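The values are calculated or read from the model by the stated rules, or taken from the named source; none is laboratory data. What you are looking at is a predicted structure, and each value in this text was computed from that prediction instead of being measured. Cβ placement follows ideal geometry from the backbone for every residue including glycine, while neighbour counts extend to all protein chains displayed. These area figures cover heavy atoms from the full protein model, side chains too; ligands, DNA and RNA do not enter into them. Shrake-Rupley method; radii C 1.70, N 1.55, O 1.52, S 1.80 Å.
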Amino acid sequence: MRNRLRVMPRGVTGPEVRFGVPLGALAFALLLGAIILAFAGNDPIEAYRTMFDSSLNGWKAQSRTLALATPLILTGLAAAVAFQMRVYNIGGEGQLYLGAIGASWVGLALPASTPTPLMLSAMLIVGALAGACWALLAAIPKAYFNADEIITTLMLNFIALSLMNWLIFGSRSFWRDPRRPVPGGKRLPESAIMPSISGRLHIGIIIAIVAAIFLWWLLRKTSWGFQIRTIGDSPRAARYAGMSVRRKTMAVLALSGALAAIAGVSEVSGVTKGLEPIALTSNIGFTGIIVAVVARSNPLGVVPVSIFLAAIATSGSRLQSIGIDVEVVFLLQGLIFLTVTAGEFFVTNTVSLAHPDTSATGSPPTSEIKAAI
Amino acid sequence: MAGEAPHLKVRNLTKSFYGVPAIDSVDFDLRGGEIHGLLGENGAGKSTLCSVLSGLYRPDSGTVSLDGEAVQFRSPQDASRHGVGMVYQHFRLVDSFTVAQNIVLGMHKKQRPRSMRQVESMVADLAEEFGLHVDPTASIWQLSVGEQQRVEILKQLFRGARILILDEPTAVLAAQETDRLFEAISTMVAKGHSVVLVSHKMAETMAYTDRITVLRRGVNAGSVTTASTTPAEVARMMFGDSNAAERTNYDAAQQVGEPMLSLSGVSVQGDHGLLAVDDATFTVRRGQIVGVAGVAGNGQRELQEVIAGLRSPVSGTIEIAGTNCTSAGPKQTAQAGLAYVPEDRLGVGLAPGLPLEHNIVLKSYDRSPHSRRGVLSDSAIEKTMNELVEKFDVRGNRSGMRVSLMSGGNLQKAILARELNEDHQVLLAAAPTRGLDMAAAEAVRSHIINERATRGVLVFSEDLDEIVKVSDVVLVMFKGRIVGSFASDELDLDEIGLLMTGSGAEIASTDTPTATSTRAGS
Ligand SMILES: Nc1ncnc2c1ncn2[C@@H]1O[C@H](COP(=O)(O)OP(=O)(O)O)[C@@H](O)[C@H]1O
Ligand SMILES: [Mg+2]
């Protein structure tokens with residue numbers, strides 16, 4: 001008989017585990033990356049210094065990283081709030097497009113002379129509503145017929161993408177600029193553009209951070225969040241306590257959709273400055289899912305994780321400029337993602353070797369029973 | 001296939017979980033070609049004994065032999081090679097596979113025919129031979145529970161089982177399907193197979209078995225020949241002697257007041273579409289503890305849930321402290337004055353992954369002082385928690401620790417603390433002391449008895465001793481019906497035992513529902 005790996009959930013997760021494991025995973029990834037870099041004929045020290053300099057050293061680098069992190073924070077929050085209730089919204093991508101479509105419509109439809117605060121507020125509200133409604137298309141079947149939201153939200157991504165492409169490439173829609181030789185969106189008026197803080201960094205970052213704090217407060221400090229956390233832990237206990245699981249499912253998916261949509265508003269107003277399908281389809285919605293997983297669905301964790309991922313991404317182009325192959329750069333980025341996410345498993349579980357005989361005396365060995373059949 | 005199945009002999013078998021023996025030095029004999037009934041209350045160790053015999057668990061000590069030859073099964077496959085096969089209480093079938101695929105699943109390539117066509121025709125022959133009719137090409141999800149059970153039996157026969165262990169096979173079956181199952185069992189026995197039939201039900205055990213072994217709290221309480229015993233004797237073996245149970249000594253002159261909980265003609269649909277609760281009528285009054293005795297799975301859970309507002313009745317009315325709560329939700333029943341300690345502590349009564357302070361205010365988080373205008377007050381919540389931890393002696397909590405790491409007794413005290421801290425008129429407690437150590441069980445029981453002074457209490461328990469100890473009125477539930485009602489001074493444990501196993505059903509059905517309700521209410 002072979003020995004078996006025995007996985008036990010950790011009870012209390014102390015800070016040393018919560019921060020130590022991801023940091024350890026990062027160190028491990030960097031070490032492994034150094035070996036790969038060396039094999040590829042690059043100097044690991046130089047590569048890592050370039051990474052650091054280009055993404056985190058100095059305000060210029062930092063602002064570039066923060067600009068990239070802005071939409072990630074928002075889509076990360078979108079995924080996190082749904083995960084808190086164990087609802088798996090992977091439709092952030094599509095909800096983001098809807099936010100971009102809604103916001104650019106407002107920006108183009110309202111008179112250009114509208115004061116910026118008013119204009120931006122209107123764009124945020126309409127964009128968020130568009131994303132929320134898009135998410136509800138998956139939420140209602142889930143709440144009433146228990147339709148799997150993973151499938152419905154994923155499908156809605158493709159529909160949203162086709163819709164956006166059609167508006168710009170396939171029709172003479174309100175959004176499309178007929179004067180441009182290559183199809184593209186009409187440029188938003190100055191009043192519909194998020195003021196810049198420094199270079200590419202715009203006030204969207206403030207919206208994102210405020211949203212993170214607000215969401216943390218909503219989940220931790222309000223009775224609404226109390227219900228979400230209860231449902232996320234045990235829907236049966238929630239029902240027993242008189243909570244409406246159905247209503248909360250719809251509310252949470254709508255909120256999640258709204259947050260992803262605000263990422264779309266921020267991108268269209270602060271970065272692309274018009275509905276530009278190509279620039280908007282850079283997987284921000286999907287990356288938000290990774291962010292939420294690594295941040296363990298904690299809204300406050302989403303911010304540093306997004307910045308971390310943005311830093312890795314910004315340093316990528318610089319690494320290429322010092323002669324490191326683009327494949328090696330991707331490999332390095334993927335490696336860091338993967339080890340930090342995989343490390344998550346060790347935050348919640350301990351693993352040890354157990355002899356089958358001793359394990360059979362302990363708790364009901366479900367996995368062993370399954371394996372035996 | 002000629003000849004009889006080997007004689008299975010078990011001596012001194014012990015198997016513990018977490019140091020607590022589930023079966024303790026059990027002797028058991030299964031003769032070739034017999035149907036052997038294995039009876040016992042819930043938790044008596046029946047499934048554990050069967051799982052050891054089928055190779056799923058390894059015993060801590062003791063021996064098993066087949067026709068005098070000692071055997072040690074290392075796995076269900078190993079047992080199967082020795083001709084021992086078990087059908088578990090919960091089926092182990094792959095929903096999306098066909099019957100034939102499930103039957104050969106896990107078999108070694110060499111032991112099974114190469115083509116599925118061939119398997120299907122063999123299964124069809126076997127089904128024909130034993131009267132276990134099922135379409136070998138159907139997918140499992142298309143089949144009824146009864147048909148799935150036939151697949152499980154066929155699976156074992158296909159693998160050459162001569163000794164079949166059926167763990168509570170009739171618990172999930174309707175009457176007609178039960179008859180067909182017993183026909184199939186007789187066919188098997190006629191062909192020399194032997195069968196272990198685990199059951200709670202007296203009538204079928206008396207009717208179909210050759211011998212009966214009773215397990216009581218993990219110990220063999222006796223093996224008898226069915227023809228030479230009586231239901232009363234077997235019931236006594238299962239539930240103990242009438243004089244063994246003592247009543248808690250408390251104020252006999254307790255004043256019984258107005259109704260706190262009244263059910264009238266309540267019927268509830270179960271998860272399988274059958275009636276899980278059938279025409280329940282009874283009243284719990286202030287100053288009264290009503291205990292519901294019954295073997296698990298006879299509609300108790302559904303009855304609890306319908307009272308608590310987690311299910312809707314198909315007919316009848318429910319009143320809680322004068323408020324009509326027939327189709328109320330859990331929030332309304334709580335407001336009407338129901339405190340509810342559910343059977344399932346972790347998962348229903350408590351959110352297992354969240355800390356104690358969260359669970360302590362699970363029903364009052366949205367009210368002052370725990371929250372104002374939707375904003376939680378952490379300090380007020382912590383204050384409530386500290387008060388209740390103190391008052392109810394809840395131990396083992398660490399700040400921020402997920403509640404599932406606390407022991408059963410402390411979990412139960414935490415639930416009681418929360419429920420009794422709410423304004424309430426009647427306490428509904430399901431299996432309140434199950435799995436608790438003596439001290440914790442005693443503490444929980446004394447909280448329940450204290451409630452009686454000013455409120456009404458409805459207790460469900462599978463432990464008949466406990467019901468007898470605390471109740472002023474004992475109701476017996478069998479197959480969704482209240483089949484008996486006894487005031488504490490006219491308790492007849494033998495009769496209760498019989499009613500619980502369904503063998504007294506004829507007697508009780510002469511008892512009209514109205515008579516039951518008046519007796520319960522008086
Ligand atoms: N896998 C297990 N882990 C821990 N305890 C168990 C396990 N299986 C059974 N038990 C305990 O052993 C006792 C006997 O259970 P079981 O054999 O299932 O009884 P029965 O089938 O007669 O209802 C119970 O107290 C139960 O809680
Ligand atoms: Mg059992």
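Some observations on this one:
- Test for B:Ala79: is it within 14 Å of chain A (Cβ to nearest Cβ), assigned to a strand (DSSP E or B) and surrounded by 16 or more Cβ atoms within 10 Å (Cβ to Cβ): no
- Inside the stretch A:180-202, residues that are open to solvent by 50 Å² or more (accessible area, probe 1.4 Å) and at pLDDT 90 or above make up a count of 7.
- Flag for B:Arg31 being within 14 Å of another protein chain (Cβ to nearest Cβ), more than 16 Å from ligand 2 (Cβ to nearest atom) and in contact with a strand residue (DSSP E or B) (Cβ under 9 Å, 6 or more places away or on another chain): no
- Taken over the stretch B:36-54, residues that are over 21 Å from B:Pro76 (Cα atoms) and more than 12 Å from ligand 1 (Cβ to nearest atom) amount to 1.
- Residues considered: B:Tyr57, B:Tyr18. Of these, the only one that is within 16 Å of ligand 1 (Cβ to nearest atom), within 14 Å of chain A (Cβ to nearest Cβ) and without any contact (Cβ under 8 Å) to a residue 24 or more places away in the chain is B:Tyr18.
- Search result, residues across the stretch B:167-185 that are surrounded by fewer than 19 Cβ atoms within 10 Å (Cβ to Cβ), within 16 Å of ligand 2 (Cβ to nearest atom) and of a type in the set (S, T, N, Q): none
- Residue in the stretch B:98-114 that is small (Gly, Ala, Ser) and exposed (fewer than 14 other Cβ atoms within 10 Å of the Cβ) present: no
- Any hit, the stretch B:48-55, residues being surrounded by 15 or more Cβ atoms within 10 Å (Cβ to Cβ) and away from ligand 2 (no atom under 16 Å from the Cβ): yes
- Positions within the stretch B:34-49 being away from chain A (no Cβ under 14 Å), of a type outside the set (Val, Ile, Thr) and not in a loop (DSSP other than H, G, I, E, B), in sequence order: B:His36, B:Gly37, B:Leu38, B:Leu39, B:Lys46, B:Leu49
- Selected residue [open to solvent by 60 Å² or more (accessible area, probe 1.4 Å) and of a type in the set (Ser, Thr, Tyr)] from B:Ser364, B:Ser327: B:Ser327
- Scan of the stretch A:64-91 for residues that are in a helix (DSSP H, G or I) and open to solvent by 10 Å² or more (accessible area, probe 1.4 Å), ordered by number: A:Arg64, A:Leu66, A:Ala67, A:Leu68, A:Leu72, A:Phe83, A:Gln84
- Here the condition is being free of Cβ contacts under 8 Å to residues at least 40 places away in the same chain, outside any loop (DSSP other than H, G, I, E, B) and buried (at least 18 other Cβ atoms within 10 Å of the Cβ); of B:Val119, B:Val134, it holds for B:Val119 alone.
- Of all the numbered requirements in (1) more than 14 Å from chain A (Cβ to nearest Cβ); (2) closer than 23 Å to B:Val476 by Cα, B:Ala417 misses one, and that requirement is (2).
- Considering residues of the stretch B:359-406 that are away from every other protein chain (no Cβ under 12 Å) and among the acidic types (Asp, Glu) only, the residue nearest to A:Gly232 (Cα to Cα): B:Glu382
- Residues that are touching a strand residue (DSSP E or B) at 6+ places or on another chain (Cβ under 9 Å) and modelled with pLDDT of 90 or more within the stretch B:401-417 comprise B:Val403, B:Leu411, B:Gln412, B:Ala414, B:Ile415, B:Leu416, listed in sequence order.
- Members of the stretch A:217-252 that are more than 9 Å from chain B (Cβ to nearest Cβ), closer than 24 Å to B:Thr333 by Cα, in contact with a Pro (Cβ under 7 Å, 6 or more places away or on another chain) and open to solvent by less than 30 Å² (accessible area, probe 1.4 Å): none
- Test: B:Glu147 is within 16 Å of ligand 2 (Cβ to nearest atom) and away from chain A (no Cβ under 14 Å): no
- Residue in the stretch B:56-71 that is surrounded by the most Cβ atoms within 10 Å (Cβ to Cβ), counting only those that are more than 17 Å from B:Ala22 (Cα to Cα) and of a type in the set (Asp, Glu): B:Asp67
Quick grid of which residues meet (1) buried (at least 17 other Cβ atoms within 10 Å of the Cβ); (2) within 16 Å of ligand 1 (Cβ to nearest atom):
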position	(1), (2)
B:Leu154	yes, no
B:Phe158	yes, no
B:Ile165	yes, yes
B:Thr187	no, no
B:Ser194	yes, no
B:His200	yes, yes
B:Ala203	no, no
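- Hits in the stretch B:2-47 - residues which are surrounded by fewer than 16 Cβ atoms within 10 Å (Cβ to Cβ) and at positive phi: B:Gly3, B:Asn12, B:Tyr18, B:Gly19, B:Ser25
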